[in-house]
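Let me begin by presenting the structure, written as structure tokens, before commenting on it.
The values are calculated or read from the model by the stated rules, or taken from the named source; none is laboratory data. Keep in mind it's a predicted model, so treat the numbers as computed, not measured. In this analysis, Cβ positions are derived from the backbone assuming ideal geometry, glycine residues included, and neighbour counts consider all displayed protein chains. Only protein heavy atoms, including side chains, enter the accessible area calculation; ligands, DNA and RNA are left aside. Shrake-Rupley method; radii C 1.70, N 1.55, O 1.52, S 1.80 Å.
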Amino acid sequence: MGITFDEKNRLFFIETRSTTMCLALTDEEGILNNVYYGSRVDRGDISYLLRRGEYPFVPSENDRDRGCFFDYARMEFPTSGIGDYRTPSVILIDEKGHDSSLFTYKSHRIYEGKENLYAELPGGDRVRIPGTFAEDKVSTLEIKLSDGVLGVSAYLSYSVFEGIDAIVKSVRLVNYSDRCVIIDKLMSSTLDLERGVFDNKSPEVVTLSGSWARERRMDVRLLKRGSVEVYSSRGESSHQFQPFMAVAEEGAGESRGRVYAQTVIWSGNFICGAGADQFDNIRAYVGINPQHFRWDLKSGESFQAPEAVLVYTEEGFDGMSHVFHNLFKEHLIRSPYLHKERPVLINNWEATYFDFDTDKLLSIAREAKKSGIEMLVMDDGWFGKRNDDNTSLGDWTVNEEKLPGGLKRLSSELTQIGMKLGIWFEPEMVSPDSDLYKAHPNWAISIEGRTPCKLRNQYVLDITRREVRDHVFDAMVNILKSADISYVKWDMNRQLSDLGSVELDPSSMGRLSYLYTLAVYDLQERLLKEFPDLLLENCSGGGARFDAGMLFYSPQIWCSDDTDAYERLSIQSGTEMLYPLSVMGAHVSASPNHITGRTMPFDVRCAVAMSGTFGYELDITKLPDEEKNAIPEQVEIYHKYSEIVREGDYYRIARESETHEYDAWMSVEPGKEKALLTYIQVKAAPNVKGRLIRLKGLDPDRKYNLRLIGADNEDSLFCSREKKSLWEKTAPAEALSGRALMNAGIVMPAVWGEYAQFMIEIG
Ligand code: DGJ
């Protein structure tokens, strides 16, 4: 692993454990090309990949057709207007309105370590942009490119971490001229490939898309000439698309196949795209969406684009996921809770919605405590006069009609019961019907003379303004200091629109959506500094801000408002493509499910929620006895296996979206001594054999016993006798090697009826 510069051949080698990226400089001019990214290669002279001699594409030798080179080469920082007609990484507009630029090599530095990224909010607050970090065992290459006409330099930075097959990349522009330059577009990463890396077959583009309550489902399509883009212009990373795109060899599967993946560590507007051109080049890019973005880079100023993460693997989507998971766990998530067992919580949202008071909450807490649940989370509706979602956002004072004695009383009664208290906030918002809005109507993001668009009957506060941000922060601090509160669920229930801020000059208005995301980061950073022990869970109408940026602040994110365990199979399997199970908010809710009306067995709902941060989202006081009585065993199982789920390596065995019958996944302890298999039969099919599945990730030479979870307990409510006897009929009779379990596989019984779970301890 490491970074080197071969001076003679003008090649940069950026190496991870199993990959190499090679950047090459063209002769005199120093145009930066990405000539290779893939499996590890020797640091030999691969500058022939620049195709210098290939007529007529040589800039130095054939100036007549200089443009052909730009339109053909594997450009590392492609610009607009100079002959490359593909999607540019950067568009800069000078004071005369021209939109051409060309950046060439000036210098570079290679150093041990990695510098943090910063940006500034109006008023001068310097904010750290979320990004990967490490104390040591990280090396960085920074290449300075400049456009001599514009007087602007681009600092391209590449970091590699020991043991992780990812390259983390970022770009900073500095305006050294005495004029203002407009940044119309700046991608965090552009990756040019040739179709030859996929054996000259069209690759597939993989994205994760959805909607509210249907987040992050995997989409796969062939990349023909032309382009595919996914994006958000909503001011959040969004329900609709995930900031992620993989370009993979056709038919790449979970365990095999070449995959190039990129994401961007950013929680606001983004774009991810891939296009194939006339020469079968493939250009893939990620960065801030140019829509709603326009940055007036004044003389002497700099602009920092967020970090991109690039992953290459030959080991299919599991291989890709492992790299993202490990990078995020080891170098992005800072929370002290990352490696800790999270409390089993009960959230009152689906239990009561807005209709609750202290007595109701305490009755839920008392019952929950009996079952071993450890924390009560009071969701929306505890403040102002909020009895529905039409009022009071911004009025962060306790509604004493609902909660007499306030949070102090609630928390001390909970302490007596032996439960912790968690609380919901939606700090970025204001209801038109609120004292805050009446006092400060111009604190809402809006455009003078235009009625701002309401969503969920609320507006977005202009937290890019310091006084607004300080007000929000102080309000949260007051509440959090008023009682013993261990956890905050930070929600955001609408998208941005009407992008106007009274504090920004017209020329800087295009900065607003970037600054908004920065302001959210600033608030969360300040909150965690003030309350370092706080367990923060991000949320955005379910999973609209499930992104790497938020993981810098919160070790868990609410995955989706859809708690239907069947729906969760696809939502969670999409989420797990990038994010470790330890960050995925997953709860058991009531049946029939409130959103889908689907009825599912309690143990199946529990098995699905157990692959995330486990909790309940139901009125435990109203549960039928057989469900209520099942909870203590479920909580015990969660405690027993939460470490494997949290720390283990995740393997996808089958996706229900493909099998249409079952779904299965595994977590394998890092030492491979133990593993946990979850198998969900979704549909019953007549006259079928039990399904043969092959396990993954085990030590081939180690012997493993397989135990059906709950089977040792005669009276288990998690594992019925019928299920136990079915399992006994198909399970291996003795310990088998990992090699046998991974190659020959095991047989999962076919169960009569729909929806059944088998959780198997392997070890
Ligand atoms: C959206 C969240 O995803 C829900 O869990 C809940 O907190 C509601 N907002 C409350 O308004």
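How big is the C-alpha Rg of region 486-605 next to the rule-of-thumb value 2.2 N^0.38 Å, as a ratio?
Compared with the compact-globule rule of thumb, region 486-605 sits at 1.28.
Add -39500 (n - 2.57) for each DSSP H run of 4 or more in the chain, then divide by its residues: what number comes out at 222 nm, to the nearest 500 deg cm²/dmol?
-6000 deg cm²/dmol
At what distance in nm do the modelled label points of ASP63 and GLU722 sit from each other, each positioned 7 Å from its Cα along Cα→Cβ?
Using points 7 Å along Cα→Cβ, the separation is 8.4 nm.
What is the gain in length, in nm to one decimal, between SER737 and SER100 on full extension, counting 0.36 nm per residue of separation less the C-alpha to C-alpha distance?
Once the chain is fully extended between SER737 and SER100, it gains 223.1 nm.
Provide the convex hull volume over Cα atoms per residue for region 611-763, in Å³.
121
Output the 0 to 90 degree angle, nearest 10, between the alpha-carbon long axis of helix 631-647 and the longest principal axis computed from the alpha carbons of the chain.
20
Stretch LYS370-ASP712 to full length: gain in nm at 0.36 nm per residue minus the Cα-Cα span?
Going from the current span to full extension adds 120.8 nm.
Using the Cα gyration tensor of the chain, with a ≥ b ≥ c the square roots of its eigenvalues, what is the shape: rounded (a/c below 1.5), prolate (a/b larger than b/c) or oblate (neither)?
oblate
Over region 1-87, what is the mean sequence separation of C-alpha contacts under 8 Å (at least six apart), divided by residue count, expressed as relative contact order in percent?
19
Check LEU535: other-chain or 5+ apart residues with amide H under 5 Å from its amide H, H built from backbone geometry?
Under 5 Å from the amide H of LEU535 lie the amide H atoms of TYR487, VAL488, each far enough along the sequence or on another chain.
Give me the percent relative contact order of the chain, please, defined on Cα pairs under 8 angstrom at least 6 residues apart.
Over the chain, the number comes to 10 percent.
How far, in nm, would the chain grow between SER482 and ASN687 when pulled straight, counting 0.36 nm per residue and subtracting the alpha carbon separation?
Extra length from SER482 to ASN687 when fully extended: 67.6 nm.
I'd like the GluC sites (Glu not before Pro) in region 678-763 restricted to DSSP loop residues with at most 12 other Cβ atoms within 10 Å, sorted by number.
Of the GluC sites (Glu not before Pro), the ones in loops of region 678-763 whose Cβ has at most 12 other Cβ atoms within 10 Å are GLU714, GLU734.
Can you work out ³J(HN,Hα) from phi for every residue in region 402-408, in order, using Karplus 6.51 cos²θ - 1.76 cosθ + 1.60 and θ = phi - 60°, giving whole Hz and x for Gly and Pro?
In residue order, the calculated couplings are 7, 10, x, x, x, 6, 4 Hz.
Evaluate 2.2 N^0.38 Å with N set to the residue count of region 39-155, then give the Cα radius of gyration divided by it.
Computed over Cα atoms of region 39-155, the ratio equals 1.35.
Arranged from highest to lowest average of other beta-carbon atoms within 10 Å per residue, in what order do the peptides 581-587, 364-370, 738-744 appear?
581-587, 364-370, 738-744
If you plug each phi of region 14-29 into the Karplus form 6.51 cos²θ - 1.76 cosθ + 1.60 with θ = phi - 60°, what whole-Hz ³J(HN,Hα) values come out, in order, with x for Gly and Pro?
My calculation for region 14-29 gives 10, 10, 10, 3, 10, 10, 10, 10, 10, 9, 10, 9, 6, 3, 6, 6 Hz in order.
Taking amide H positions as placed 1.01 Å from N in the peptide plane, with prolines and chain starts having none, which residues 5 or more places from SER177, or on another chain, fall under 5 Å of its amide H?
GLY300
Tell me the angle of helix 721-730 to the major Cα principal axis of the chain, expressed in degrees between 0 and 90 and rounded to the nearest ten.
Compared with the principal axis, the helix lies near 50 degrees.
R0 = 22 Å: FRET efficiency of LYS408 with GLU530, Cβ-based, nearest 0.05?
0.70
Over the chain, what percent of the accessible surface lies on carbon and sulfur atoms, probe 1.4 Å?
Percent of accessible area from carbon and sulfur atoms in the chain: 47.
Within the set of other residues whose C-beta is less than 10 Å from the C-beta of VAL264, count the net charge using Lys and Arg as +1 and Asp and Glu as -1.
-1
For region 413-509, what does the relative contact order come out to in percent, with C-alpha contacts under 8 Å and a separation of six or more?
41
Nearest 10 degrees is fine. How inclined is helix 358-370 to the longest principal axis of the chain, computing both from alpha carbons?
Approximately 80 degrees, to the nearest ten.
Mean 1/r over all different Cα pairs, inverted: what Kirkwood radius does region 354-407 give, in Å?
Averaging 1/r across every pair of different Cα atoms and inverting gives 11.9 Å.
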